[in-house]
Every structure is written in C-alpha cells, then in structure tokens.
Amino acid sequence: MKVLQTSLSAAVLILAIVAIRTLAINKLPKKTFLIFWDIVLCRLLIPFSIPLRMRAYNGPDNISEVLAQEDIIRIVPNTSLQYNTANIVPAEVAKAPSTPSVVSPFVPNWSAFVLVWSTVAIIMASFFLVTHLRCLKKYKTALPVNGYVFNRCLREHPIRRTVQIRQLDTIAVPLTYGIWRPVILLPKIISSKDEWRLKYILAHELVHIKRFDTLRKWLLAAVLCIHWFNPLVWAMYVLANRDIELACDEAVVRAFGQTSRSSYALALIGMEEAKIGLAPLASNFNKKAIEERVISIMKTKEATVFSRVLAFILVAVMMLTFAVSLVEAEVEPKSLGLFRKAFGDHVYKYADSINEIAEESAAVVTEDCTIRLQSTIFTDHNVYAIMAVEGELPEDFSISGRIVDPIDTPRIPRWEYMLFGNMEEVGYQDGVRYFLCSATITHRLYTRPQDIDEEFIEALTPDSDYLKYESLKDCEGKTLELTLNLKGNKYILTTVVTNVFTKNIVFYPEPDLYDGYCIEEILLTPFELKIRGCSREIGEHSKSTGEYGNEWIEPHIRATIVLVDGQEINLDYDDRRLFFYQRHPISVIRNYDTSTGKFYRNWRFSRWELDLSQVVAITVNGITYRVDGQED
C-alpha cells in the first residue's frame, strides 16, 4: 500500500530532523527547521514513487549479433502420441499438474486496513474542518480597528496581500487566520495604548502571514489525517507547530534588534492563553511551548557564517534524502533480463505476463546435464520460454514442442497446437547457460500428423492467415510440452499455459447474470467475436439425446458491439449463417453439445478487421460490458 510505504520512508526524515533539532535547536537559524518540515510534508503528500529499474543481468542486447547460425537449434512440431518410457524421467516428473505452480510473493489482504484507515482519516478530517468552521463563524463577528499604531506596523512590514486587523472580545490571545485574505484578530484587552506590546504582537502575526504559516498548518493537519497511524507524524505535527512559532520569534527579534529580546519575552509571557477551545488551523500564541520560546528568544543571536553554511549543508542533505526516498528501486528479475536480451526494451510490456516456473515436471536431470524451464511468456500466437542448462548438451540434442490437453484419452489426440521455432542461447552466468525457446503455434484444425514435413514447416510463417482466428488464450490451463532428445533418450518438460498476454478484449461474466445459462467468456479480436458458455436447464424432447430422455436447452445469443462514435454492430444468427454490416460480410459459426450443455458462438469478420481501439462496450443479451471496466 502506497500510503504505508510513503509513511515509512518519511519516518526516516522525521527521525533525522528530531535528532538535529535536539542537538542544534539554538545553534541553527530557526527557518532551517521550517525547510526541513516542508521537505517532509512534500514526501508525505506525494503519493507516488519514481521507479528506477535496476538491471541485474547485463550483456549484449542483440542476440543476432552474438550467436552464430550453427548455435540456433530448431524447434519442430511434435505429433507423437506415445513415448517409450523405459529410458525417460519418472512418471511424476513427466506429467504436469492440473493447475500452475508459480512462485509468487506473499500478498497481504489490505481490505481491513484500508477500511480502518479511511474511517479514522475521515473522522479526523471532519474534526479539523468542523472545528475550523465553528471558529470561523465566531471570528466573523470581530470588529475592524484603526489607529496610528496599527497603520504604522502595516507600513513597516509591507505585504502584497490585503491584511485586516480586527478585534474580538471572546478571545484572550492574538491569532491569524485566512490564507489569501488574512485577518489578524486581537483580544479586546489589547488596545492601541499598549504600544510597546502591540508592535511585537503585530510584527509576529505579520511574519506568520508573510510566510504562509496558515497554509503550512493546513498541510500539517492534512498529513496528520492521512498518516494518523504513524506516531512519528504526530510528533512532527507538534514539533513543526512549535518551530513555526520559534521561527517567527527569531524573525521579530532580528527585526527589532538584540536589545529587544527581554521586552519581547516579557510581552510573550504576559499573553496567557485562555480556555477558548481548539483552533488548530490558526496561528496563535501557544502556552504549552512558552518556556521553549522564551529560552529560544533569549538565546537568539546573529547568524554566523558557520551556522549558515551548516544549515545550507543540512538542507542539501535533507533534500537529497527526500529525492532518494522518492525513487523506488526495482531490481530487474533475471528472467526479465534474459527476455530483454532477446527482445530489447520492447519486452517490458510483457513484464506482468512472465511466469516463473516451480513445477517438478519442468526439470530433468541426466548424467551430463540438468535442464529446467525457468520462465515463460505466452501470447496469442507465440510461446517464449527461458531454459537453463547446467552441463554440456550432447551433439545430437534436439527439441520439439506442442500444446496438449492434460486429460489423456485413447480416442482423442492430446495435442491442441504444434510448435515450430528456434532455441537460441541468450546468456551465460555462474556456470549456467540460458536458452530462449521461441515458437509459433500451428493450425490445430487442419494440420494432420502425417502432413508434417520440412516443406510444411518452411511454409508456415507468423503471418499465416489461420492465426487470425486462433489464440492461446483459449488454451489456458492446458499444458506446454517440450520433448528433449538427449543421446537417443526422450525427456519431457511440461508447464501449464497460463497468464496469456492478449491484445484482445476479454470479459469473464459472473455465472449468475443470466437465467438458465451462464456465459463463461466473451472474447473480441480484430477478426471475430467469440462467446462460450453452458446451459443450466433441462427440457423434455421426443427424441432424447441426454440421460433419462432429457437434453439441455440451447440459449439464443444476441450481441452488440458499441463503438466510440455511437455506431453499433448488431450480431445475431439465422439459417443463412451470413449477414452484413455496412457491406462487410460477417459469418456465423455455432456449436452446441446436447450432452453437456456447452455452447459457443463465433461471428467472424470476413475479409475486414475491427479496430479494437474504437470499441467502448459489448452488449450480450441485454447486459453491457464496458471496456473501461465498468459493468451495466
């Protein structure tokens, strides 16, 4: 949570300021501490950090300049359905688990903390605001005052903003409120006859106005409301308010000269704070810190060159610490660094889709080497995997790959897609060689095992037309299977296809949104709209296809694609299986399994593409799914 991280980083600054304040409160110019507190205020109110990516794995970024052509190993489609298991790894290693096992950090549930934090923050903010409004209502009844002493003080301490001086009989100490139209309130017991005391009071309040101390107090109150859980912020609130007064006292003494210290201290002691309630957002005399202020006044001296230089150095160090606290170092994971070597900085858009692999089935140990899958990236049409090799690969090493269904049945081929591509070495570190396996999926509908040959492989390109309608997004939960040929023995590395990076628009509706059926996925690509789901109701039929003479009822699906300009693409289906949108043909593919209730609808945009950036929503049977994340 950013608030907690910000509060912890600011705590270091607060501790440093408290230490400096304890050691040098009367040795440094008091304005130095105001600058310190302003730096902490900025840190506590800035809700973001500047990420600094630290590359843990360095090396050449263009692998084509490093690798010789003979170092590239070809990944060919694997269509075999059985393996001779006499010489391969144990069965428990050769099978992938049904769910991905990914190493991920512990992520705490912040919901309870956020609820408590926001509740207390709102209560505190309401307290400050209500208190200020109540005081402000009372301040409005003050009467303006004029006189030679008042006007002379205003001339001696000129301020660009218009300053009003008023008098109120319900207060006992002077105070200032207002930021852009400041008002100095004087108690009725102070009159123009008390000229010696009045000139100090007005000078003190005018320094508050000149330095925007009322605004500083507002910010301190805001920080306290946000970071109320941090005891050091409470300490900062108390000490910063004291330092505001100390800095004003110092400015007044220097304005009137060193000989005025005693008389100014007497004027300060003579002003006793009355029990009039709390005015947290106004600048006034504070009896709680009166002793500290008197001591500070009597010790006020002209600033020496040494004190000024020391103050400058401390402020510079504090600002540097502030800048460092804003930077959030992000150590680049080794897998991301290896992918970056292959793809360049373009890979960072896939950073959240990198899967760190921890399955036992993703590793194999032989006499000569240890091979393990370290990480994967799955996109709509491609598989990228980092493979770590310890030891030497044999000369006859080869690799083949495919996407398979983890459910093995004798009658149905397990493979969903076959893979073709390359395996290239991208790095070497601490005795481990790292290879990038990059492969493209083949067509799963029309490719037969007996048709796989070198000519077929050479003909396949990433621009193949079938890729428009295929996506690994449909295969999440299935298994990536890489078969390694080592000295005549075959070894299988497996991991689950998950976290597929897709450029498409995908929605997963809640299961109870529709009566009698549920829609499991809505997928919109530039080339088609896919909707798949399952029925929940059973109806009577004369010709039964299900158990006990019943079959699932097929729902009727209507969809509408809403564009930014208000246009709508209405999608339905009829017996023609083809209709048009602005002369653009749309074909319909539908399927329904009467034994399970599973159904899907595909509307394909024949010979034209849809610009997904222009899509704002998709409506399916009256329920709208917005691209911005909101749901109607």
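The values are calculated or read from the model by the stated rules, or taken from the named source; none is laboratory data. These numbers were taken from a predicted model, which means no experiment stands behind them. Here Cβ is always computed from backbone atoms with ideal geometry, including for glycine, and neighbour counts include all displayed protein chains. For accessibility, only protein heavy atoms count, side chains too; no ligands or nucleic acids. Shrake-Rupley method; radii C 1.70, N 1.55, O 1.52, S 1.80 Å.
So if each residue of separation counts as 0.36 nm, and I subtract the Cα-Cα distance between Arg308 and Gln582, what length gain in nm does that give?
Working: separation 274, 0.36 × 274 = 98.64 nm, distance 7.63 nm.
Gain in length upon complete extension: 91.0 nm.
Among 336-343, 181-188, what's the highest-first ranking by average C-beta atoms within 10 angstrom per residue? Present the calculation step by step, with values, prior to reporting the outcome.
Values: 336-343: 21.5, 181-188: 19.8.
Order by mean packing, descending: 336-343, 181-188.
Expected output is a single nm value to one decimal: the length gained when fully extending between Leu4 and Trp196, i.e. 0.36 nm times separation in residues minus the C-alpha distance. What is it?
64.2 nm
Kindly report, to the nearest 10 Å², the accessible surface of His381 as traced by a 1.4 Å probe over protein heavy atoms only.
Approximately 50 Å² for this residue.
Take the Cα pairs of region 292-390, get the Kirkwood Rh, then feed it into Stokes-Einstein at 4 °C and 1.567 mPa s and tell me D in µm²/s. Please report the intermediate quantities before stating the final value.
Values: Rh = 19.0 Å.
Rounded to a whole number, D works out at 68 µm²/s.
Arrange the residues Met124, Met418 by how much accessible surface each exposes, largest first, with a 1.4 angstrom probe. Walk me through the intermediate numbers first.
On the way: Met124 30, Met418 0 Å².
Of Met124, Met418, the descending order of accessible area is Met124, Met418.
Leaving ligands, DNA and RNA out of it, rank Arg134, Arg152, Arg293 by accessible area with a 1.4 Å probe, largest first. Please list the in-between numbers first.
Working: Arg134 175, Arg152 55, Arg293 0 Å².
Ranked list, largest accessible area first: Arg134, Arg152, Arg293.
If you take the beta carbon distance between Glu476 and Thr366 as r and set R0 to 35 Å, what does 1/(1 + (r/R0)^6) give as a FRET efficiency, to the nearest 0.05? Walk me through the numbers before you get to the answer.
Working: r = 31 Å, r/R0 = 0.89.
Calculated transfer efficiency: 0.65.
Which pairs in the list Lys334/Lys478; Lys2/Lys30; Lys478/Lys503; Lys2/Lys468; Lys334/Lys490; Lys210/Lys301 are over 30 Å apart, alpha-carbon to alpha-carbon? Walk me through the numbers before you get to the answer.
Numbers: Lys334/Lys478 26 Å; Lys2/Lys30 32 Å; Lys478/Lys503 20 Å; Lys2/Lys468 41 Å; Lys334/Lys490 28 Å; Lys210/Lys301 22 Å.
In this structure, Lys2/Lys30; Lys2/Lys468 exceed 30 Å between Cα atoms.
Quick one: how many Å² of Val615 are accessible to a 1.4 Å probe, rounded to 10?
In the full protein context, Val615 sits at about 10 Å².
In what sequence, largest accessible area first, do Glu356, Glu424, Glu291 appear using a 1.4 Å probe? Numbers along the way, then the final one.
Working: Glu356 60, Glu424 30, Glu291 130 Å².
Accessible-area ranking of Glu356, Glu424, Glu291, largest first: Glu291, Glu356, Glu424.
Under the 0.36 nm per residue contour assumption, what length would be gained going from the current alpha-carbon distance of Arg134 and Glu390 to full extension? Could the numbers behind the result be given before it?
Details: separation 256, 0.36 × 256 = 92.16 nm, distance 7.41 nm.
Contour length minus the Cα-Cα distance gives 84.7 nm.
Can you send over the solvent-accessible area of Lys301, 1.4 Å probe, protein chains only, in Å² to the nearest 10?
Roll a 1.4 Å probe over it and Lys301 shows about 140 Å².
If R₀ is 22 angstrom, what is the calculated FRET efficiency for the pair Arg161 and Leu45, using the beta carbon separation as r and rounding to 0.05? Before the final figure, lay out the partial values.
Details: r = 24 Å, r/R0 = 1.08.
My answer for the efficiency is 0.40.
At a Förster distance of 25 Å, what's the computed FRET efficiency of Phe397 paired with Asp430, Cβ-Cβ distance as r, to 0.05?
Values: r = 22 Å, r/R0 = 0.86.
After rounding, the FRET efficiency stands at 0.70.
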